Structures are given as C-alpha cells and as structure tokens.
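Data first, discussion second: the structure below is written as structure tokens.
The values are calculated or read from the model by the stated rules, or taken from the named source; none is laboratory data. This one's a predicted model, so the numbers in the text were calculated from it and none came from an experiment. Counting neighbours? That spans all protein chains shown, and the Cβs are built from the backbone with ideal geometry, glycine included. Please note that ligands, DNA and RNA were not included when accessible areas were found on the heavy atoms of the full protein model with its side chains. Shrake-Rupley method; radii C 1.70, N 1.55, O 1.52, S 1.80 Å.
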Amino acid sequence: MKKVRIGLLWHSLRAGNLGVGALTLGNIAIIRQVAEECGIPIKFVVLSMRESATKSIAPGMEQYEIDTRALLLPSGFARRVRSLDCIIDIGAGDSFADIYGFKRFFFLWLTKMISVSMGKPLILAPQTIGPFTRQPYKKMAAAVFRRSAAIVARDEKSLSQARALAPESNVSRAVDVAFKLPFEDRSDRTSASGLKRIGINASGLLCQQAQSGENRFALSFNYLELQRELIRRFTSRDDCKVHLITHANSIGDAGDDDGVWADRLAREFPQTVRVPDFPGPSEAKSYISGMDFVVAGRMHACIAAFSSCTPVVPVSYSRKFSGLFDLLQYPYYTPMTSATAPQLADHVMQHFHSDREAMKRAESAALLKVDDMLAPYRAVLQRTLTIQRTAK
C-alpha cells in the first residue's frame with residue numbers, strides 16, 4: 001500500500017523554536033496514532049519558514065523551507081505541494097491573525113491559498129484563529145476558511161471567529177496538540193537545598209517590546225518591569241531559588257530570543273540560575289515538570305507546566321491565553337489591560353502563597369478531559385486519511 005504523504009505546514013523541526021516544535025511533535029504523535037488505528041501508512045514532509053541552523057528535533061524527517069523565492073517560483077513551494085496528498089497547517093499555533101503584521105499574515109495566507117488551488121485537502125489543525133479586526137485581513141481569512149477541508153480551533157473565541165467569517169465552513173473545536181508532547185516526569189525530584197524551585201520564563205518578544213516602548217499588544221503594564229519585580233520578590237525569600245527558563249531561541253532575531261533576556265536578567269540577578277537552552281521541547285517540558293511554581297510568557301512554556309501538573313501563572317498578552325485557559329477552567333492567568341506591573345506581581349505572589357494546591361487540582365481535572373477535547377480533531381484526521389487512502 002502506498003503511503004499517504006502529509007505536508008505539515010507552518011510546523012517547525014528546529015530546536016530553537018520550542019513552542020512550534022512542541023506543536024509539531026504533539027501533532028505528529030496524534031496523526032501517527034490515528035493512522036496506525038486506521039492501518040494507513042503515512043509519510044511526513046514539514047513545510048515551514050527558514051530557520052537558523054540549529055539541531056533538528058526530529059532527525060531524518062523530510063523538511064522544505066519556505067521563503068519569498070520558494071513562494072514565487074513555480075519550481076518552489078507549489079511544486080512540493082503538488083507531490084503531497086494533504087496539508088495539515090498549524091499556523092505556528094497563533095500566527096494566522098492580524099496582530100503580528102501583514103507580512104507574516106500574507107506568508108501564511110499565500111501558502112494556504114497555493115495548497116487549496118492545487119486541490120489539496122487543507123486542514124487547519126488546532127490553533128488560535130485570529131483575531132481579524134480589520135480589512136483586508138477578514139476577507140482574506142474568510143477566503144481560506146471557505147476552501148479548507150476542515151478548520152479546528154483550539155478555543156471558543158477562535159471557533160466563533162472562524163464561524164463568523166465563513167459560516168458554511170467545516171469548523172470544530174479541540175484543544176492544543178502540545179498537551180500530547182511526551183516528556184520525562186521530574187516532579188518527584190527535590191532540590192538538595194530544600195528550596196522551592198521557581199521557574200520564570202521571560203518572553204524575549206515581550207521584553208523587547210517593553211524596552212522599545214512599542215507595546216504592539218496594548219498591554220497596561222511594562223512586561224520587563226514585571227519580570228524584574230517578580231525576580232526581586234522571589235530571590236528575596238529564604239525558601240526559593242529562581243530558575244530563568246527559555247522557550248524560544250533565535251540566532252537571527254535577537255528581538256524574539258528568550259536567551260538574550262535570560263542572560264541579561266541573570267547578570268542583573270546573579271543569585272538566579274540561568275538554565276541552559278534546551279535541545280528540544282520535550283527536554284524543556286521535562287525540566288519544567290521539576291519546578292514547584294512557574295510564571296511564563298510563552299504559551300507553550302505554560303502548556304508544558306500545565307500538562308505536567310506544575311502550578312503556572314501564564315502572563316497573558318493576547319486572547320489566545322484567555323481562550324485556552326478559560327476552556328480548561330483555569331483562571332490563574334494574568335489580565336492584559338487592567339493592572340500595572342506591581343499589581344500583577346502582587347497577583348502572582350498571591351497565587352504562590354495561597355493557590356498552588358488548587359492550581360494543581362485544576363490542572364489534573366482538565367488533563368482528564370484532554371483526550372475527549374481532541375476527539376473532533378482525531379475525527380477530522382481519520383476522515384481525511386481514509387479518503388486519501390481510497391484515492392490511492
């Protein structure tokens with residue numbers, strides 16, 4: 001039996017991009033399981049942006065890098081798509097939206113339109129849909145939705161956005177596929193010193209925004225000030241040790257590199273532990289599972305903590321946070337627009353003092369429902385793979 005060739009669009013195989021890497025490995029695990037249950041042999045081809053030459057998180061897997069030249073030449077991206085049977089597009093988790101600017105949006109839009117123009121079934125895997133607050137984003141997104149075989153949102157707000165723009169489309173809701181990322185559970189490992197291990201993930205993107213004063217996400221607080229205030233408060237305690245954790249590293253873009261800011265904060269606060277950059281998302285999740293409490297700005301650092309039952313306070317900067325954590329009935333994320341940095345630090349410390357056990361219980365209860373939440377996506381995959389096998 002010939003293999004069904006699956007294009008994984010806007011995923012990542014590079015170790016530096018742990019967030020999208022977590023989506024990639026989680027999605028591959030789900031697709032493989034569905035394919036095995038259906039008795040369908042498959043082959044993956046990862047189609048994604050050009051990335052820095054870091055180690056692959058899935059050695060041996062075929063990868064095609066997308067850049068402007070690849071999109072414009074008939075012998076580039078279009079030719080590669082022609083050789084595939086279906087496209088599963090995860091949109092880097094949250095990038096099919098207007099909040100990151102038109103260039104990024106256009107790249108994602110054009111790859112989708114090329115795929116459907118060749119008659120390839122396009123599945124939008126569980127991701128944040130939007131926001132699309134103005135034109136031409138709304139019309140362009142609606143055109144993609146109408147031609148997609150299936151759209152799977154990972155929260156209620158995204159579900160509503162897709163249905164509003166293309167009510168006739170096949171839209172369902174699941175949950176983030178990174179919940180299925182495998183890891184080594186280190187929750188039973190205690191620090192030799194007996195100190196509580198506090199993981200702080202300072203987003204390089206948000207730190208750079210705060211320093212430049214750009215405030216693209218219209219936050220009511222200074223994000224960098226919040227990070228410093230949290231580190232000051234935790235390091236002043238006799239019972240805590242702060243671990244500075246990175247979850248997105250970029251050789252080519254210092255403005256989106258957690259490592260740059262972890263280094264700077266470590267120099268400012270030498271009593272912290274600057275955790276070395278991780279070789280892959282599973283290693284990051286394993287390390288995070290050994291923390292007693294985490295405050296994180298990267299979504300998939302939050303999910304790594306949550307899915308290992310580590311109390312986590314997500315620092316929200318877009319509606320993807322409220323969308324996901326409201327779905328999981330987990331109210332412990334920070335607000336975006338109603339508080340200052342000192343007030344948010346109070347908010348975090350209150351959770352640390354009083355809510356850690358309640359946070360663990362909420363995480364455990366939500367994790368029992370993850371498989372059921374992923375069922376609509378599994379159904380989409382099963383239907384698509386079965387159709388492609390029959391076509392062969």
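Just one of the numbered conditions (1) touching a residue at least 24 places away in the same chain (Cβ under 8 Å); (2) among the hydrophobic types (A, V, I, L, M, F, W, C); (3) in contact with a strand residue (DSSP E or B) (Cβ under 6 Å, 6 or more places away or on another chain); (4) not in a loop (DSSP other than H, G, I, E, B) is not true of Met373: (3).
The set of residues from the stretch 12-33 being over 9 Å from the mean Cα position of the chain (by Cα) and among the hydrophobic types (A, V, I, L, M, F, W, C) comprises Leu13, Ala15, Leu25, Ile28, Ala29, Ile30, Ile31. Selection of first residues in the stretch 132-150 that are under 21 Å from Arg319 (Cβ atoms) and open to solvent by 50 Å² or more (accessible area, probe 1.4 Å) and of second residues that are of a type outside the set (Phe, Trp, Tyr) and assigned to a helix (DSSP H, G or I), restricted to Cβ pairs under 7 Å at least 6 apart or on distinct chains, gives the following pairs, ordered by first then second residue: Lys138/Leu165.
Exactly one residue out of Ala70, Ala78 is within 17 Å of Phe107 (Cβ to Cβ) and either among the basic types (Lys, Arg) or touching a Phe, Trp or Tyr at 6+ places or on another chain (Cβ under 6 Å) (or both): that is Ala70. If you check Gln211 against the conditions, is it open to solvent by 10 Å² or more (accessible area, probe 1.4 Å), in a loop (DSSP other than H, G, I, E, B) and without any contact (Cβ under 8 Å) to a residue 24 or more places away in the chain? So Gln211 fails the test.
Residues in the stretch 274-324 that are in contact with a Gly (Cβ under 6 Å, 6 or more places away or on another chain) and farther than 24 Å from Met373 by Cβ were compared, and the one that is most open to solvent (accessible area, probe 1.4 Å) is Asp277. Out of Val370, Val313, Val295, one residue alone is of a type in the set (Val, Ile, Thr) and more than 23 Å from Leu206 (Cβ to Cβ). It is Val370. Those residues that are in contact with a Lys or Arg (Cβ under 9 Å, 6 or more places away or on another chain), outside any loop (DSSP other than H, G, I, E, B) and either surrounded by 23 or more Cβ atoms within 10 Å (Cβ to Cβ) or at positive phi (or both), I need them from the stretch 82-99; list them, please. Selection gives Ile87, Asp89. Kindly establish whether Phe179 is of a type outside the set (Gly, Ala, Ser), in contact with a strand residue (DSSP E or B) (Cβ under 6 Å, 6 or more places away or on another chain) and assigned to a helix (DSSP H, G or I). Considered against the rule, which asks whether it is of a type outside the set (Gly, Ala, Ser), in contact with a strand residue (DSSP E or B) (Cβ under 6 Å, 6 or more places away or on another chain) and assigned to a helix (DSSP H, G or I), Phe179 comes out as no. One residue stands out among those in the stretch 335-370 that are outside any helix (DSSP H, G or I) and surrounded by 13 or more Cβ atoms within 10 Å (Cβ to Cβ): the one that is modelled with the lowest pLDDT, which is Met336.
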